[in-house]
Amino acid sequence: MPRRTDSRSRMIHAASELFGQRGYHATAFSDVIEGSGAPRGSIYFHFPGGKHELAQEATALAGDEIEVTVAEAASQATDPASLIRVLAEGMVQRLEASDYKHGCSIATMVLELAPYDEDLTVEFDTVFARWRAALVGCFESWGITTESGVVLADLVMSAFEGALIVSRAARSPEPFWRTVDALVDAVDGNAAFRPAAARRAKARR
């Protein structure tokens, strides 16, 4: 028989998926039970704070997942442009696999609840801070300054978030890829966003 912690984890993952697709208000506990296969009545056992606590846990999970995603993408990348493209590939695959129902795991909740729910707004900001820090860590490893890395990270995050929304509405990855292409061109054209080795090579020419 599954451990109680297995049920809790399954509910958090199911809630994360449902909140990402439908948002907070349109997701009921019954949807989470059905999606997780957890025993009925276990919601308040594992989440005495109710739906709000479940949303906090799902939001924290989104932060965990984005850190893993960036780390995995960085292992396949050699510079900011290639990192952007690897991350984009994964996001488009997820978007298409969900039939354009799921973009960012927290975007729908952010639009619904921030800044009205102060506690969850803090949690949302924490996820974006974790995403930013993960990206900046990659950029710094290529010799990009922290200041430039923060600017580039915010640019990447903002471009991806906006492009995911437009692609969901269009039910097509084309708006996303156009945004990625423009973003890569902007990154390649800005000396501050070039890895240190590339800057040195250009200076020697």
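All of the numbers you see were taken from the coordinates with simple rules; none came from a lab. Quick caveat, the model's predicted, so the values are computed rather than measured. Note that we place each Cβ from the backbone using ideal geometry, even for glycine, and neighbour counts take in every protein chain shown.
Would you mind giving the average projected area, over all directions, of the Cα convex hull of the chain in nm² with one decimal?
About 12.6 nm², averaged over all directions.
Between helix 174-188 and the chain, what is the angle of the helix's C-alpha long axis to the longest principal axis, kept within 0 to 90° and rounded to the nearest 10?
With rounding to tens, the tilt is 40 degrees.
After finding the eigenvalues of the alpha carbon gyration tensor for the range 127-194, what semi-axes result from the square roots of 5 times each, listed largest first in whole Å?
24, 14, 7
Two decimals, Cα atoms only, Kirkwood Rh: what is Rg/Rh over the range 47-163? The partial results should precede the final answer.
Numbers: Rg = 14.9 Å, Rh = 15.0 Å.
With Rg and the Kirkwood Rh in hand, the quotient comes to 0.99.
For Ala186, what charge total do you get from the other residues with a beta carbon under 15 Å from its beta carbon, if Lys and Arg give +1 and Asp and Glu give -1?
Summing Lys and Arg as +1 and Asp and Glu as -1 gives -2.
How much length would be gained if the chain were fully extended between Thr146 and Ala60, taking 0.36 nm per residue of separation minus their Cα-Cα distance, in nm to one decimal?
Gain on extension, Thr146 to Ala60, equals 28.5 nm.
In the chain, if the dipole is taken from +1 on Lys/Arg beta carbons and -1 on Asp/Glu beta carbons about the Cα centre, which of Val150, Pro115, Ser98 is farthest to the positive end?
Of the candidates, Val150 comes out farthest on the positive side.
Would you mind getting me the FRET efficiency between Val122 and Ala182? Use the beta-carbon distance for r and R0 = 35 Å, nearest 0.05.
Working: r = 32 Å, r/R0 = 0.92.
With a Förster radius of 35 Å, E is 0.60.
Placing +1 at every Lys and Arg Cβ and -1 at every Asp and Glu Cβ, with all other atoms neutral, what dipole size does the chain have around its Cα centre, in debye to the nearest 20?
The dipole magnitude comes to about 600 debye.
Divide by every residue of the chain the summed helix terms, -39500 (n - 2.57) for each DSSP H run of at least 4, and state the resulting mean residue ellipticity at 222 nm, rounded to the nearest 500 deg cm²/dmol. Let's see the in-between values first.
Working: 10 runs with 154 residues, N = 205.
About -24500 deg cm²/dmol.
Helix 50-74 against the longest principal axis of the chain: what's the angle in degrees, Cα atoms only, rounded to the nearest 10?
That helix lies at roughly 30 degrees to the long axis.
By how many nm would the segment from Ser98 to Ala129 grow when fully extended, if each residue of separation counts as 0.36 nm and the alpha-carbon distance is taken off?
Answer, rounded to one decimal: 8.6 nm.
How much length, in nm to one decimal, is gained on full extension between Glu89 and Ala114, taken as 0.36 nm per residue of separation minus their Cα-Cα distance?
The span from Glu89 to Ala114 would gain 6.2 nm if fully extended.
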